[in-house]
1. Out of all the residues in region 114-135, which are surrounded by fewer than 20 Cβ atoms within 10 Å (Cβ to Cβ), in contact (Cβ under 8 Å) with a residue 12 or more places away in the chain and not in a loop (DSSP other than H, G, I, E, B)?
2. Could you list, in sequence order, all residues of region 97-113 that are surrounded by 18 or more Cβ atoms within 10 Å (Cβ to Cβ) and at pLDDT below 90?
3. Take the conditions in a loop (DSSP other than H, G, I, E, B), more than 17 Å from the chain's Cα centre (by Cα) and either assigned by TED's automatic domain parsing to the domain that holds residue 50 or modelled with pLDDT under 85 (or both) and apply them to residue 234. Does it pass?
4. Give 353, 337 a once-over and let me know the one that is touching a residue at least 60 places away in the same chain (Cβ under 8 Å), surrounded by fewer than 17 Cβ atoms within 10 Å (Cβ to Cβ), part of a helix (DSSP H, G or I) and out of contact with any strand residue (DSSP E or B) (no Cβ under 8 Å at 6 or more places or on another chain).
5. Could you count how many residues in region 260-273 are farther than 15 Å from residue 55 by Cα and in a helix (DSSP H, G or I)?
6. Mind listing whichever residues of region 163-211 are part of a helix (DSSP H, G or I), at pLDDT 80 or above, more than 15 Å from residue 61 (Cβ to Cβ) and over 20 Å from the mean Cα position of the chain (by Cα)?
7. Would you pick out the residues in region 311-334 that are more than 23 Å from the chain's Cα centre (by Cα) and modelled with pLDDT under 85?
8. Failed condition for residue 395, given (1) surrounded by 15 or more Cβ atoms within 10 Å (Cβ to Cβ); (2) at pLDDT 80 or above; (3) within 30 Å of residue 200 (Cα to Cα), with all others met?
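The values are calculated or read from the model by the stated rules, or taken from the named source; none is laboratory data. Worth saying up front: this structure is predicted, and the values here are computed from it rather than measured. All Cβ positions, glycine included, derive from the backbone under ideal geometry; neighbour counts span all protein chains shown.
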């Protein structure tokens with residue numbers, strides 16, 4: 001948890017420094033790339049969570065075979081996504097009003113590395129090798145921070161291209177440590193039919209859920225970049241960045257929650273107490289952050305981004321509230337995902353899409369964009385709670401699956 005805090009702090013510092021060095025208009029481009037990286041990270045997370053879950057459930061030959069298969073799938077997926085971004089780089093430039101299409105091309109090259117890194121991390125997470133897991137996060141974050149800043153000072157290129165290059169090189173560093181022997185070994189047996197089905201089902205479920213996460217978490221920044229001018233988009237990006245502290249803090253609890261729930265479920269022990277504990281932690285954290293944003297909005301924005309961004313002060317606590325509601329409903333969704341329940345995934349999908357439609361219809365001002373998100377997130381949390389209430393068997397006793 002200490003390492004995750006440090007990594008999130010470092011990633012945060014990276015964004016803040018970019019915001020200060022580039023000013024709102026150029027920062028809108030950097031924030032676009034960072035948002036695309038977050039979009040990818042949710043797809044990478046699908047591979048990571050699958051590895052974390054099946055590292056607990058599979059042993060020996062089945063585990064070897066699973067690893068072999070998932071590395072291959074991650075590489076193929078990474079190559080396909082990278083190629084798509086490469087091919088459509090000019091269209092992406094028009095869609096998001098960026099200065100050049102080269103930043104998308106540089107970004108695309110790193111994508112296969114990213115998915116490979118995600119599989120490594122999932123294996124460390126499931127095997128509870130937290131030291132190795134920490135190292136791969138640290139190397140990626142510090143490389144991105146130092147390389148990007150060095151390039152901004154030393155090279156007279158467009159900021160978008162420099163940020164993309166920093167992201168690409170950070171993936172190379174994030175591959176340390178990885179188990180090279182594992183890749184070369186041929187598995188002795190294939191996955192059994194039953195296990196193949198379980199893996200496919202979990203990956204589809206998680207991918208579906210992660211997709212809704214992308215939509216809920218990042219569509220607002222992308223849509224504001226599309227609907228508003230560069231200045232307002234940059235201001236909104238700074239607001240989103242501060243407001244998302246809650247979400248990133250909640251994420252470290254999810255990383256600890258998943259293997260614990262899977263293990264307890266496997267042993268036939270009630271899993272709900274773990275859920276209560278983590279919901280309580282995240283709610284407490286959210287309350288502290290929203291309260292601070294309500295009391296000292298101008299001070300926070302000034303300290304973090306500087307004078308150029310203070311127009312967003314009145315919106316800060318509202319954005320933090322929307323993110324907090326999302327973070328809490330997220331804990332419920334991941335809990336049910338660990339137990340192979342898919343209804344919360346569908347709930348998130350429906351409400352995630354409703355958030356997009358609300359922004360498409362109501363975007364006369366940035367205030368309105370934030371307020372419709374609060375409405376969508378309240379609805380999501382209520383829906384998750386109602387679903388949890390109906391699942392008495394899950395709360396009290398966990399049966400062997």
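1. Selection gives 130, 132, 134, 135.
2. 98
3. Against the criterion (in a loop (DSSP other than H, G, I, E, B), more than 17 Å from the chain's Cα centre (by Cα) and either assigned by TED's automatic domain parsing to the domain that holds residue 50 or modelled with pLDDT under 85 (or both)), residue 234 does not qualify.
4. Values: 337 fails: surrounded by fewer than 17 Cβ atoms within 10 Å (Cβ to Cβ).
That would be 353, the only listed residue that is touching a residue at least 60 places away in the same chain (Cβ under 8 Å), surrounded by fewer than 17 Cβ atoms within 10 Å (Cβ to Cβ), part of a helix (DSSP H, G or I) and out of contact with any strand residue (DSSP E or B) (no Cβ under 8 Å at 6 or more places or on another chain).
5. 2
6. Correct list: 165, 197, 198, 200, 201.
7. 311, 312
8. Here residue 395 clears every test but (2).
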